[in-house]
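What follows is one structure encoded as structure tokens, with my remarks underneath.
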Amino acid sequence: MAELKTYTIAAEALREFVGTIFRKVGCNDTEAKAIAWFLVSANLTGHDSHGVIRVTRYVADVRLGHTVPNQSMTIVSETETHAVVEGNHGFGQTIGPQAVDLGIAKAKKAGLSVVALRHSAHIGRIGDWGERAAAAGLVSIHFVNVENSLLVAPFGGRARRFATNPICIGIPPLDGRPMLLADLATSIVAEGKVMVAANGGKPVPEGALIGPDGKLSADPEVLYGDARPFSARNGIGAIRAFGEHKGSALAFMCEILGGLFTGGGTAGPEQKGSARVSNGMLSIYLDPNHFGASDLARKAMEYADYVKSSPTAAGIEEVLVPGEPEARNRVTRTAQGIPLQLDTWNGICALARELQVPIPA
Ligand code: NAD
């Protein structure tokens with residue numbers, strides 16, 4: 001395989017650069033910093049699909065009026081233990097923390113809470129929300145969909161019927177150990193990973209995509225077509241749901257919970273017409289103390305150690321638990337910098353030149 005060309009940049013310099021770009025397109029200082037913080041957080045954890053590769057698309061969404069800078073969530077209805085929240089198509093990096101903090105505050109008081117968020121612009125790496133709740137001592141479970149973003153074929157099908165619909169579960173951490181966090185798309189790969197592959201980055205696994213003829217593929221053009229910039233609206237194929245029938249079942253339920261239950265809407269059907277996409281997220285927050293599980297962090301880590309003690313399968317060096325790869329990437333990339341595909345870096349720099357934002361040396 002050809003060596004992947006990358007440009008490596010320190011996290012702080014990248015945050016500064018990206019923050020300046022978003023200030024130039026109308027975000028206030030707090031919002032610009034938050035967008036930069038969360039995008040770089042995704043890169044630090046190794047999820048380049050949800051990192052600064054999104055900058056050009058986010059700016060395009062502002063210019064199209066699909067994402068509205070400087071919004072706050074509004075509460076549609078609430079009790080002590082629940083809230084329905086409207087994201088007003090504000091940046092997910094502003095709306096996401098507001099919705100999550102509301103759920104945390106309610107669960108801290110009542111022992112549990114449920115927050116149904118709709119119509120937020122892209123809320124990025126859902127692990128950030130699981131980590132935020134876990135840092136506050138809470139277990140959290142998140143079911144997410146993407147309204148108007150048909151990308152994924154159901155098990156047995158070859159046409160798009162779901163979004164990439166992530167599910168995330170976070171467990172409060174034990175001091176000094178990595179946070180236990182499952183955070184995964186219900187498609188074989190997140191769409192951003194196809195974008196990374198199309199930008200000359202890590203290829204997607206063979207068979208992650210399916211063409212309209214039903215042929216399995218790893219070629220990003222199946223999803224994006226040959227027009228630039230990449231838009232899944234130009235492609236004719238689909239990403240496949242992960243885990244055969246089981247992933248398809250979970251993706252379906254994310255549409256129902258993240259889309260219909262929150263009042264946002266599902267990924268389909270196609271004839272909706274608008275190109276505006278938004279995230280819906282149904283989040284459940286649980287305080288372990290309220291359930292007699294105040295020792296959960298320690299016991300979960302003991303169990304993680306037991307899982308890790310399994311003898312490895314052929315060709316595998318080590319058994320990992322969810323959250324471990326992200327924690328390791330964060331340590332390495334914080335120390336050594338973030339490697340970006342050249343296409344990603346060049347795309348951000350072209351936008352920066354247009355906006356007269358200085359490019360870091
Ligand atoms: P992925 O395939 O890399 O899976 C990540 C999960 O698997 C993590 O929980 C990780 O800790 C765990 N994991 C990795 N290796 C492991 C191992 N060897 N043993 C045990 N666990 C292991 O991630 P993905 O499905 O490509 O998703 C990437 C990101 O995309 C996620 O952060 C997700 O939230 C995000 N996403 C967001 C949206 C959105 O609309 N906002 C949509 C889709 C995906």
The stretch 303-343, residues that are within 14 Å of the ligand (Cβ to nearest atom), in a loop (DSSP other than H, G, I, E, B) and either at pLDDT below 95 or not polar (S, T, N, Q) (or both)
ALA313, GLY315, ILE316, GLU317, GLU318, VAL319, LEU320, VAL321, PRO322, GLY323
Verdict on GLY259 being at pLDDT below 95, assigned by TED's automatic domain parsing to the domain that holds SER120 and out of contact with any Phe, Trp or Tyr (no Cβ under 6 Å at 6 or more places or on another chain)
no
Is at least one residue of the stretch 182-201 modelled with pLDDT of 95 or more, crowded, with 21+ Cβ neighbours inside 10 Å and in contact with an Asp or Glu (Cβ under 9 Å, 6 or more places away or on another chain)?
yes
Residue hits (the stretch 308-326; crowded, with 17+ Cβ neighbours inside 10 Å and among the aliphatic types (A, V, I, L, M)) are VAL321
When restricted to ALA134, ALA163, ALA153, the only residue modelled with pLDDT of 95 or more and more than 14 Å from ILE239 (Cα to Cα) is ALA134
Given the structure, is HIS66 touching a residue at least 24 places away in the same chain (Cβ under 8 Å) and in the same structural domain as THR6 (by TED's automatic domain parsing)?
yes
Which condition number does ALA135 fail, the rest of (1) open to solvent by 10 Å² or more (accessible area, probe 1.4 Å); (2) within 13 Å of the ligand (Cβ to nearest atom) being met?
(2)
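Yes/no per residue for (1) away from the ligand (no atom under 12 Å from the Cβ); (2) touching a residue at least 24 places away in the same chain (Cβ under 8 Å); (3) among the hydrophobic types (A, V, I, L, M, F, W, C); (4) not assigned by TED's automatic domain parsing to the domain that holds ASP48:
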{"residue": "ALA163", "(1), (2), (3), (4)": "no, yes, yes, yes"}
{"residue": "PRO166", "(1), (2), (3), (4)": "no, yes, no, yes"}
{"residue": "ILE169", "(1), (2), (3), (4)": "no, yes, yes, yes"}
{"residue": "LEU181", "(1), (2), (3), (4)": "no, yes, yes, yes"}
{"residue": "PRO205", "(1), (2), (3), (4)": "no, no, no, yes"}
{"residue": "GLY225", "(1), (2), (3), (4)": "yes, no, no, yes"}
{"residue": "PHE230", "(1), (2), (3), (4)": "yes, yes, yes, yes"}
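The values are calculated or read from the model by the stated rules, or taken from the named source; none is laboratory data. Everything numeric here is computed off the predicted structure, so don't read it as measured data. Using ideal geometry, Cβ is built from the backbone for each residue, glycine included, and neighbour counts are taken over all protein chains shown. The protein model used for the area step is the full one, side chains on, heavy atoms only, and it has no ligands, DNA or RNA in it. Shrake-Rupley method; radii C 1.70, N 1.55, O 1.52, S 1.80 Å.
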